[in-house]
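These notes concern the structure reproduced below.
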Amino acid sequence: MTTTYVLVHGAWHTGQAWARVVPHLAASGRRVFTPTLTGYGETAHLLGPDVGLGTHTADVVRLLVEEDLRDVVLVGHSYAGLVISAVANQVPERIARLVYLDAMVPTDGENALDVMPATRTMLGDGWRVPPLPELPAPFGLFGVTDPGDIAWVRTMLGDQSLRCLEEPVAMDNPALDAIPRTHIHCTVKPEGFDRRPVPAVQPNGEPADVRELATGHDCMITAPAELAGLLLDVGDRAGAGSLRT
């Protein structure tokens, strides 16, 4: 059975962020989908105060249903950790594994501000939340430091709706706990953006699966081959699991 990957970008980005990873996965015969969430990129004109986590959850669920995708390795980067959690809560039967890629990892009823309080410093007075500013090396723009890459990242960045950060995630489906999880952590990060420790035991009772990449936050841009290698390994594990069930 061919493993299918659905790669969900984080806040302010678009599906184009995965452009360097897709060829590595596709070359190994995997199917790959990289949707752009509502309000970003080509749908930036749809951004409004009513666009939130529910909107983005619906985007991904619709993709899974319309393409009839099953045994999916669902990857969420950054903010999309909330998105993939909500998606798996709604259609757990379609998901083989969740991959939290340097991502927010919520519990039921939490929002992005709960998971990562440092995000509160980004809020202004209106409903639009602009992208994070570029930081001095080695942190750069979302962890990207090469000038050419920074210029490319800027072409895909756009504002985010405040509702994305304030809307709570529902994770109350008991079937969600049975889905295995992988956590991939990027080790180059600024102070203040600390992640929660991963529990030693997953909700399904298996030992925690935690991987690391020695790069910045946008690892799909700075270390695409290394990231693809991890995702292929994760996908192989997911496929073996589906054959056992």
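The values are calculated or read from the model by the stated rules, or taken from the named source; none is laboratory data. Here the structure is a predicted model, which is why all the values come from computation and not from measurement. Areas reflect the complete protein model, heavy atoms only, side chains present, ligands, DNA and RNA absent. Shrake-Rupley method; radii C 1.70, N 1.55, O 1.52, S 1.80 Å.
Below are the figures for this structure:
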| quantity | calculated |
| --- | --- |
| Tail weight of P(r) past 20 Å, computed on alpha-carbon pairs of the stretch 53-186, percent | 50 |
| Whole-Å semi-axes of the stretch 1-76's equivalent ellipsoid (Cα gyration tensor) | 23, 15, 8 |
| Residues whose placed amide H lies under 5 Å from that of THR182, excluding near-sequence neighbours | LEU98, VAL99, TYR100 |
| Pairwise Cα inverse-distance average, inverted: Kirkwood Rh of the stretch 119-160 (Å) | 11.3 |
| Among beta bridges that DSSP assigns inside the chain, antiparallel share in %, nearest 5 | 15 |
| With every protein chain in place, the chain: carbon and sulfur % of accessible area (1.4 Å) | 53 |
| Average accessible area per residue (Å²) across the chain - probe 1.4 Å, nucleic acids and ligands excluded | 43 |
| Computed Kirkwood radius, in angstrom, where 1/r is averaged over Cα pairs of the chain | 17.9 |
